[in-house]
Amino acid sequence: MSSEGTGIIGKGIHIKGNLTGGGDLTIEGRVEGHVSLKNHLTIESTGKVNADIRAERLTINGEANGNIDAGDLVSINASALVTGDIKAPKVIIEDGAHFNGSIDMDVKLPDDVDLPKR
């Protein structure tokens, strides 16, 4: 948890525009536009985000529509509905989650590992 605290966008809140910050954020309402956070973003089961997202870590329990770029981890839980491309070194998709998009984990293999030719 960040020393800057956790912000919450409640169920009745609808934000349109760019959302940036340095602390952790939990979204229970709706956000449209662009989200850029330095720490952890959580989209709760009631949350709906129609935005490109940049964050260090992202946990999705609700809906996310847009491309995701995470520095560390994207966790898509069983109740989630995600549409968009993900770029992150670690991605977890629980059984039951709905995901439509591509994943780029930019894996670097050691030089002595040869992949079989197709």
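At-a-glance table
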| quantity | calculated |
| --- | --- |
| Boolean, ILE68 is β-branched (Val, Ile, Thr), buried (at least 16 other Cβ atoms within 10 Å of the Cβ), within 17 Å of ASP106 (Cα to Cα) and touching a residue at least 12 places away in the same chain (Cβ under 8 Å) | yes |
| The listed residue being of a type in the set (D, E, K, R) and under 19 Å from GLY101 (Cα atoms), out of ARG57, ARG30 | ARG57 |
| Residue list for the stretch 47-98, filter: of a type in the set (Gly, Ala, Ser), outside any strand (DSSP E or B) and closer than 17 Å to GLU32 by Cα | GLY47, GLY62, GLY66, GLY84 |
| Complete set of residues in the stretch 40-62 that are surrounded by 22 or more Cβ atoms within 10 Å (Cβ to Cβ) and β-branched (Val, Ile, Thr) | ILE43, VAL49, ILE53, ILE60 |
| Any hit, the stretch 27-34, residues being on the phi > 0 side of the Ramachandran plot and in contact (Cβ under 8 Å) with a residue 12 or more places away in the chain | yes |
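Residue-wise test of (1) within 10 Å of the chain's Cα centre (by Cα); (2) modelled with pLDDT of 95 or more; (3) within 21 Å of GLU44 (Cβ to Cβ).
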{"position": "SER75", "(1), (2), (3)": "yes, yes, yes"}
{"position": "ALA80", "(1), (2), (3)": "no, yes, yes"}
{"position": "THR83", "(1), (2), (3)": "no, yes, yes"}
{"position": "GLU94", "(1), (2), (3)": "no, yes, yes"}
{"position": "GLY101", "(1), (2), (3)": "no, yes, yes"}
{"position": "VAL107", "(1), (2), (3)": "no, no, no"}
{"position": "ASP111", "(1), (2), (3)": "no, no, no"}
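The values are calculated or read from the model by the stated rules, or taken from the named source; none is laboratory data. Only a predicted model underlies this, so the values are computations on that prediction, with no experimental measurement involved. Using ideal geometry, Cβ is built from the backbone for each residue, glycine included, and neighbour counts are taken over all protein chains shown.
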